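The values are calculated or read from the model by the stated rules, or taken from the named source; none is laboratory data. What you see is a predicted model; the values in this text were computed from it and never measured. Reconstructed Cβ throughout: ideal geometry from the backbone, glycine too, with neighbour counts over all protein chains shown. The accessibility values were calculated without ligands, DNA or RNA, using every heavy atom of the protein model including side chains. Shrake-Rupley method; radii C 1.70, N 1.55, O 1.52, S 1.80 Å.
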Amino acid sequence: MHKLKLWLTAVALMVVAGVAAGCGASVADQDALAHAKKTDTIVWGVKADTRLFGLMNTKTGKIQGFEIDMANALTKQVLGKAAKATLVQVTSDTRVPMLKGGNLDAVIATMTITPERQKVLDFTDSYFKAGQSLLVKKGSKVHSIKDLTAGTKVIGVQGSNSVDNVKKAAPQTTVLQLADYAQAFTALKSGQGDALSTDNGILYGMSQQDPGYVVVGGTFTKEPYGIALNQGQTNLRKALNKALAQLRANGTYERLINKWFADIPGFDIKEVE
Amino acid sequence: MLNILTNNFGTLMSGLGYTLLSSLIALVFSLIVGTVFALMEISPAKWVRVIGKTYVEVIRNIPLLVITMGFYVIVPKYLLPVDGFTAGTIGLTIYTSAFIAETVRAGIESVAVGQMEGARSVGLSYAQAMRQIVFPQAIKIVIPPLGNQFINLVKNSSILAFVAGFDLMYQGKIIANATFNTFDTYLVVGLLYLVLTMPMSYLMRHLEKKWVTA
């Protein structure tokens, strides 16, 4: 009798595992909005290494930042006040594979809308208009992208389009790609490169953390951030676009932008909205 | 899958080259450093033994990534400029040397004590006895586990990807990000690692047959 029970349990477990595996394979194609309504949550891919946008607070274990607040506000706007955003950490490197694999409903992680990405992903309207710039040590010889000639090294982050932009704007410089922004900034501090290049919002966050490093040269690209979704998730995209417009109209968006970016020296809020 | 290989052939081959170069350098130096520490671990002088044991225990119990990041971040900040490739290769060498030291030590200790005693009793010095009597016997015992360490070393060289060392894994990540075809890219990268490790595996088996059974 005991053996039979064990057997039945084992078989049941296998069936469950099989069904779960089957579901896993097709999650990316399901209607994410319908699924979100059923579970009362949207699963967001967010950054946890990017100050001002999404940064893990090591004391509380919570991720904080503009994009986190946006994810929470958008989830409530789409699904109702009781709904909660589920936050999953991603890096520039993992956000696309995780989204495509169906682990995430949406990615709000400093992701620029580019034509290449639009071939494999869908984007909402832009919620932040960043531009790429340079971060250097105070007193550095590098003052703008023009100073990045042969023999200089620029640090970037794997999977971000900023490394391609640097290669286009300064073809002679060597680009070193690191795994995330924390590592990239550490590499800059230990002298592995002459400058760190990515979007200005992210760079201002680093400069705020360590005033020994400054943003120079203004922006040399336009980087509109959008929320990335799997291709074909039209319902969710429409719902998020509508929610975004509502947040802009009711002043929530303005309040969140001011909360994170108002007191950053050298940063022009009007430029990004 | 094939178009990942053909479209990025140059990039992948340069990555393969850096991986091979780093592995070869690390292999040679970790073998030398590892053997030196193995001899220190069994030295008759106590303080030498303590140094040897401490090195092995500390290094083999720290993750490779931590050692490598140490060389990438701390050394250039306070000592001398080290780029990603160098930091990764040094980290790999030091990390592997601790495991090789343990392997070689075990090999030497498995040679019967009587061999050393006999050699000493006919008038050989400690160094002579070690070099001419004990070591040749130990080598045979050590070959198979050493082969394992070398294969691990080649695979561990993917640590270079984390410090922008231009190796195969680093290039693989870049290609995966550019093409958004993660699955096929890593499949190709995996196969290219096999191209490196399989011949090595066969070489070690060959040496095993030739030396161990001889």
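Observations on the model:
- Residue-averaged 222 nm ellipticity for chain A, from DSSP H runs of 4+ at -39500 (n - 2.57), nearest 500: -12500 deg cm²/dmol
- Taking label points 7 Å from Cα along the Cα-to-Cβ direction, A:ASN103 and B:LEU79 give a separation of 3.6 nm.
- Straight-distance crosslink candidates among lysines, where the alpha carbon sits under 21 Å from B:LYS77 and sequence neighbours closer than 8 are dropped: A:LYS137, A:LYS138, A:LYS141, A:LYS153, A:LYS189
- Cα-based Rg of segment A:132-273 normalised by 2.2 N^0.38 Å, two decimals: 1.18
- Residues A:SER190, B:SER125, sorted by accessible area with the largest first, give B:SER125, A:SER190 [1.4 Å probe; ligands and nucleic acids excluded].
- The alpha-carbon atoms of segment A:183-237, seen along their principal axes, cover 46, 23, 18 angstrom, with the largest extent given first.
- Over 22 Å [Cα-Cα, segment A:54-201], rounded percent: 47
- Cα convex hull volume per residue for segment A:90-161 (Å³): 130
- Remark: accessible surface ordering of A:THR39, A:THR124 (largest first) is A:THR39, A:THR124, probe radius 1.4 Å.
- Surrounding net charge for A:TYR181, when Lys and Arg each add one and Asp and Glu each subtract one, Cβ distance under 11 Å: -1
- Against the compact-protein benchmark of 2.2 N^0.38 Å, the Cα-based radius of gyration of chain A scales to 1.14.
- Pairs from A:LYS100/A:LYS129; A:LYS37/A:LYS76; A:LYS146/A:LYS222 whose Cα-Cα separation, in the structure shown, is over 19 Å: A:LYS100/A:LYS129
- Extents of segment A:31-122, taken as max minus min of Cα coordinates on every principal axis and listed largest first, are 37, 31, 19 Å.
- Scaled against the 2.2 N^0.38 Å expected of a compact globular protein of N residues, the Cα radius of gyration of the protein assembly as shown reads 1.20.
- Short-range pairs are left out: with C-alpha atoms under 8 Å and at least six residues apart, the relative contact order of chain B is 29 percent.
- With helices as the sole contributors, chain B gives -25000 deg cm²/dmol at 222 nm; each DSSP H run of n ≥ 4 counts as -39500 (n - 2.57), and the sum is divided by every residue.
- Solvent accessible area, Å² - B:PHE99, 1.4 Å probe, full protein context: 60
- DSSP finds beta bridges in the protein assembly as shown, and of those with both partners inside it, around 60 percent are antiparallel.
- Two-decimal Rg/Rh across segment B:91-214, once Rg and the Kirkwood Rh are taken from alpha-carbon atoms: 1.18
- In Å², nearest 10: area of A:LYS129 left accessible to a 1.4 Å probe: 90
- Projected label points at A:THR41 and A:LYS146, each 7 Å from Cα along the beta carbon direction, are separated by 5.2 nanometres.
- In segment A:61-93, trypsin sites (Lys or Arg not before Pro) in a DSSP loop with at most 15 other beta-carbon atoms within 10 Å: A:LYS81
- All distinct Cα pairs of segment A:64-115 go into the 1/r average, and the inverse of that average, the Kirkwood radius, is 12.0 Å.
- Other protein chain Cβ atoms within 10 Å, averaged over every residue that makes up B:84-94: 1
- Probe 1.4 Å - accessible area at A:LEU87, Å² to nearest ten: 60
- The shape of chain B can be summarised by an equivalent ellipsoid whose semi-axes, obtained from the alpha carbon gyration tensor, come to 38, 22, 11 Å from longest to shortest.
- Helices meeting the span-like rule in chain A (full DSSP H runs, Cα extent of at least 24 Å along the helix axis, mean Kyte-Doolittle score of 1.0 or higher): A:2-26.
- Across the protein chains, with a 1.4 Å probe defining accessible surface, the residues A:HIS143, A:HIS35 rank A:HIS143, A:HIS35 from largest area downward.
- Comparing B:ALA112, B:ALA164, B:ALA38 in a Gaussian network model of chain B (Cα springs below 10 Å), the most mobile by mean-square fluctuation is B:ALA112.
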